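Report on the following structure.
The values are calculated or read from the model by the stated rules, or taken from the named source; none is laboratory data. Just so it is clear, the model here is predicted, and its values are computed rather than measured. Reconstructed Cβ throughout: ideal geometry from the backbone, glycine too, with neighbour counts over all protein chains shown. Heavy atoms of the whole protein, side chains included, go into the accessibility calculation; ligands, DNA and RNA do not. Shrake-Rupley method; radii C 1.70, N 1.55, O 1.52, S 1.80 Å.
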Amino acid sequence: MHGLFTGEYREINVCAEKYFNTPSMTSNPYEINRNDINFISNSLLFIEYMENLVKKSFSSSFTYWKTMQSNFFDNSVEYRILYNLRNHVQHAGYPISTIHQKLVEKEGIEVKEIAFCLSKHELSKNKGLNRHIKEYLQNLPYDQDEISIMPMISI
């Protein structure tokens, strides 16, 4: 199961590299959305699989597992967004609305930087959004529409 999860992450990186090297493709984020939908869906699948595994095979540790999972949910806005974004991508629409790319200098080396962004405006149209995502979106600056998912998907 872990291989499925990390494989989806690698696919996002391969796709990002492809988009970075082919600028004309950035106007059509279909492949990026497909990979992100797979990653988001399989992330939740992985979490649920691990929960069932702990419950069945390590039942004495299940309470600890749930406590750790709750703490992570409570303390990581990225986790809450990705956890709840699964319903949005399955039922309401594509997650990625914009792709930005640029070369930046880090420690004297030119590095490719790409950002796949969610649209606050588009997400807000979804009446079925979880309250955690609604609160996060409402707390963003009024004029900020784009939310990069890159910090959310780094593993």
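Please work out the Cα convex hull volume for the stretch 13-155 and give it in Å³ per residue.
Numbers: hull volume 21.3 nm³, N = 143.
Cα convex hull per residue, to the nearest whole number: 149 Å³.
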- Message: Counting only protein heavy atoms and a 1.4 Å probe, tell me what percentage of the chain's accessible area is made up of carbon and sulfur.
- Response: 52 percent
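Among 130-141, 6-17, 37-48, 98-109, how do they line up by average Cβ neighbours within 10 Å per residue, starting with the highest? All intermediate terms of the calculation are to be shown ahead of the outcome.
On the way: 130-141: 13.6, 6-17: 15.6, 37-48: 17.8, 98-109: 10.2.
Going from most to least packed, we get 37-48, 6-17, 130-141, 98-109.
Under 28 Å between alpha carbons: how many lysine pairs meet that in the stretch 99-155, if sequence neighbours fewer than 8 apart on the same chain are excluded? Don't skip to the end; give the middle numbers.
On the way: LYS102/LYS112; LYS102/LYS120; LYS112/LYS120; LYS120/LYS134; LYS125/LYS134.
Lysine pairs, 8 or more places apart or on different chains, close enough: 5.
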- Item | Distance histogram in 5 Å bins (all Cα pairs of the stretch 91-142, percent per bin) | 4, 17, 20, 17, 12, 10, 10, 6, 2, 0
- Message: From the phi angles alone, apply the Karplus equation (6.51, -1.76, 1.60; θ = phi - 60°) to the stretch 132-141 and give each ³J(HN,Hα) in whole Hz, x where the residue is Gly or Pro.
- Response: 5, 6, 4, 4, 4, 4, 5, 8, 6, x
- Query: Can you give the accessible area per residue of the chain, in Å², using a 1.4 Å probe?
  - Reply: 62 Å²
- Using only Cα atoms, find the angle between the long axis of helix 77-91 and the longest principal axis of the chain, and express it within 0 to 90 degrees, rounded to the nearest 10. 80 degrees
